[in-house]
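Colleague: Here it is, the structure in full.
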Amino acid sequence: MSLRLRLTLLYTTLLGGVLLIFGSLVYGLVSYTLLQQVDANLSSSADQIISQIRVGEDNRFDPRTLESYQPPEALVYQLWDRSGILQAVYPATERQPLDKGSQTTGQPKYSFVQNGPNRVRILNVPLTTPRGSAGILQVATSLGVVDMTLSTLASVLVLLVLSAMFVAGLGAWLITDQALSPLAAVTQMATQITNADDLQRRIPQTSSPDDEIGELIRAFNQTLERLEKLFITQRRFLTDVSHELRTPLTVIKGNIGLMRKLGETDEESLSSIEMEVDRLSRLVGDLLLLAQAESGRLPLAMIKVELDTVLLEVFQQMRVLAGDRLQIKIIDIDQVQVTGDRDRLKQVMLNLVSNAVQYTPAGGQVNLALRRSGGQAQFLVIDSGPGIPQEDLPYIFERFYRAEKSRKRTHSGGFGLGLSIAYWIVRNHGGTIDVTSREGKGSTFCVWLPLETEAVQAETAKAPRS
Ligand code: ADP
């Protein structure tokens with residue numbers, strides 16, 4: 001069933017239900033009021049009759065009782081004595097008891113009796129004197145007019161409810177068509193995009209951008225944009241991997257060819273092959289690590305890590321790498337403990353510092369700092385290198401991304417995976433990493449990690465040492 005039909009039916013049924021309840025209330029109220037009116041008339045007639053009744057010493061009705069009484073039109077009455085003999089009646093033809101089940105004692109009682117097609121309303125009034133029960137007075141009137149009024153009212157109400165439902169249904173059918181037409185356009189456009197396999201296309205904002213359809217279009221376009229980016233990234237990733245694989249494979253193939261030509265193993269070719277194989281293993285290892293880290297499945301041996309000790313180790317290693325070429329120093333070091341995988345955190349530090357050492361020209365300076373700041377650990381690598389161009393900064397943590405200048409370097413450089421790996425390791429530790437850089441002035445990489453909490457400290461203290 002279409003949404004349009006469902007909405008129309010829902011709306012019409014709902015309206016019908018409400019009108020039906022409303023109609024029943026009106027019907028009930030009118031019927032109650034009319035009956036009250038009839039009952040009030042019967043009661044006042046009964047009062048008038050009773051005021052005319054005469055009772056003798058023996059508690060019997062005087063035969064002249066009600067001789068001069070003129071009842072109002074359409075009123076029927078019967079006066080029965082206590083032995084069940086009819087003493088007075090109007091009209092004279094109505095000699096059958098109006099209500100057979102009436103009591104001669106107790107309270108006045110109203111009842112209904114069906115007389116042919118008409119209902120009759122009867123008021124039974126037991127008549128008592130101080131000497132005891134004298135008989136019963138029954139006054140009655142036909143409810144023909146009331147019933148006719150009520151049946152006309154019921155017909156009018158049913159007709160009104162049905163017409164209102166029909167008009168509302170028609171209106172809802174037309175309005176939903178108008179309201180849902182942009183949705184049909186969205187569906188059509190989405191199908192076109194799928195069929196054409198063209199993720200560059202977007203659905204134009206047809207209706208108001210703030211209504212539900214506008215929001216749907218915006219959300220759909222955002223999904224398309226994200227999908228497009230993902231496809232571009234995937235394509236670029238494949239290109240980058242193939243590119244990185246091709247160079248070492250060409251070198252290996254060339255060296256093997258050379259040795260075959262020479263007919264003997266050549267030490268220089270063997271070490272070149274070995275170097276390229278190492279490079280390939282590094283690439284595969286990095287890619288695997290990145291895939292695990294990106295999917296959040298990086299196995300991390302979470303323990304208490306004294307970051308200041310790790311920094312000192314990194315510093316020692318990097319001082320050797322920097323040699324006399326540039327000055328590397330620790331400008332600030334606090335005692336900082338975090339919870340994490342020691343090797344992975346050291347890898348992050350090594351990567352950032354080695355980048356700084358690698359990209360900073362001779363005579364430059366690399367400063368390291370480790371602080372506690374705002375309940376977090378802050379690790380800073382500040383270099384006086386060439387800086388990273390503004391246009392490259394947003395992409396620096398993406399896989400295989402290398403700033404334009406680094407691309408032009410010989411292939412002995414990294415794969416452009418180091419910062420991505422660092423980013424994901426930090427993310428997997430609940431931290432953040434960012435960079436600020438000014439071309440020609442240098443770059444500052446900053447890592448924020450959550451400090452070891454009391455709870456974790458207690459856990460670590462309890463854990464058995466291996
Ligand atoms: P790579 O293996 O190329 O160093 P990274 O992911 O570690 O890969 O770094 C990505 C790119 O970021 C580098 O190619 C370089 O262009 C730029 N970069 C990283 N660190 C620095 C730095 N300290 N100074 C200038 N450029 C940097």
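Colleague: Looking only at region 415-430, which residues are more than 14 Å from residue 395 (Cβ to Cβ) and free of Cβ contacts under 8 Å to residues at least 40 places away in the same chain?
Modeller: 430
Colleague: Scan region 45-54 residue by residue and report those that are closer than 21 Å to residue 109 by Cβ and either surrounded by 11 or more Cβ atoms within 10 Å (Cβ to Cβ) or among the acidic types (Asp, Glu) (or both). Spell out the reasoning first.
Modeller: Going residue by residue through region 45-54, those that are closer than 21 Å to residue 109 by Cβ are 45-51, 53.
Passing the criteria: 45, 46, 47, 48, 49, 50, 53.
Colleague: From 168, 184, 164, 179, grab the single residue that is within 30 Å of the chain's Cα centre (by Cα), surrounded by 12 or more Cβ atoms within 10 Å (Cβ to Cβ) and within 26 Å of residue 1 (Cβ to Cβ).
Modeller: Details: 168 fails: within 30 Å of the chain's Cα centre (by Cα); 184 fails: surrounded by 12 or more Cβ atoms within 10 Å (Cβ to Cβ); 164 fails: within 30 Å of the chain's Cα centre (by Cα).
The match here is 179.
Colleague: If you check residue 345 against the conditions, is it modelled with pLDDT of 95 or more, more than 7 Å from the ligand (Cβ to nearest atom), under 39 Å from the mean Cα position of the chain (by Cα) and over 29 Å from residue 245 (Cβ atoms)?
Modeller: Numbers: modelled with pLDDT of 95 or more: yes; more than 7 Å from the ligand (Cβ to nearest atom): yes; under 39 Å from the mean Cα position of the chain (by Cα): yes; over 29 Å from residue 245 (Cβ atoms): yes.
Against the criterion (modelled with pLDDT of 95 or more, more than 7 Å from the ligand (Cβ to nearest atom), under 39 Å from the mean Cα position of the chain (by Cα) and over 29 Å from residue 245 (Cβ atoms)), residue 345 qualifies.
Colleague: Look at residue 157 and say whether it is within 20 Å of residue 79 (Cβ to Cβ), in contact with a Gly (Cβ under 9 Å, 6 or more places away or on another chain) and either touching a residue at least 40 places away in the same chain (Cβ under 8 Å) or small (Gly, Ala, Ser) (or both). Spell out the reasoning first.
Modeller: On the way: within 20 Å of residue 79 (Cβ to Cβ): no; in contact with a Gly (Cβ under 9 Å, 6 or more places away or on another chain): yes; either touching a residue at least 40 places away in the same chain (Cβ under 8 Å) or small (Gly, Ala, Ser) (or both): yes.
The answer is no for residue 157.
Colleague: I've got another one for you. Restricted to region 367-400, and to residues that are within 22 Å of residue 346 (Cα to Cα) and touching a Gly at 6+ places or on another chain (Cβ under 9 Å), which residue is nearest to the ligand (Cβ to nearest atom)? Working first, answer last.
Modeller: First pass over region 367-400, keeping only residues within 22 Å of residue 346 (Cα to Cα): 367-373, 375-383, 396-400.
Now restrict to residues that are touching a Gly at 6+ places or on another chain (Cβ under 9 Å): 376-377, 382-383, 398-400.
Numbers: 376: 22, 377: 20, 382: 9, 383: 5, 398: 9, 399: 8, 400: 8 Å.
Taking the candidates together, the pick is 383.
Colleague: What number goes with the only condition from (1) closer than 24 Å to residue 142 by Cβ; (2) hydroxyl-bearing (Ser, Thr, Tyr); (3) in a helix (DSSP H, G or I) that residue 24 does not pass?
Modeller: (1)
Colleague: Return yes when residue 68 is of a type in the set (S, T, N, Q) and assigned to a helix (DSSP H, G or I) and no when it is not.
Modeller: Numbers: of a type in the set (S, T, N, Q): yes; assigned to a helix (DSSP H, G or I): no.
No; evaluated as a whole, the condition is false for this residue.
Colleague: Would a scan of region 291-298 turn up a residue that is in a loop (DSSP other than H, G, I, E, B) and aliphatic (A, V, I, L, M)? Outline the logic, then answer.
Modeller: Here is the first cut: in region 291-298, the ones in a loop (DSSP other than H, G, I, E, B) are 295-298.
This time we only want the ones that are aliphatic (A, V, I, L, M), so: 298.
Yes, some residue in region 291-298 is in a loop (DSSP other than H, G, I, E, B) and aliphatic (A, V, I, L, M).
Colleague: Please report, ordered by residue number, the strands (runs of 3 or more DSSP E) entirely within region 368-462 with at least 3 residues that are charged (D, E, K, R), modelled with pLDDT under 85 and touching a strand residue (DSSP E or B) at 6+ places or on another chain (Cβ under 8 Å).
Modeller: Values: elements: 376-383, 432-438, 442-450.
Per the criteria, no element qualifies.
The values are calculated or read from the model by the stated rules, or taken from the named source; none is laboratory data. None of these values were measured; they are calculated from a predicted model. All Cβ positions, even for glycine, are placed from backbone atoms using ideal geometry, and neighbour counts span all protein chains on display.
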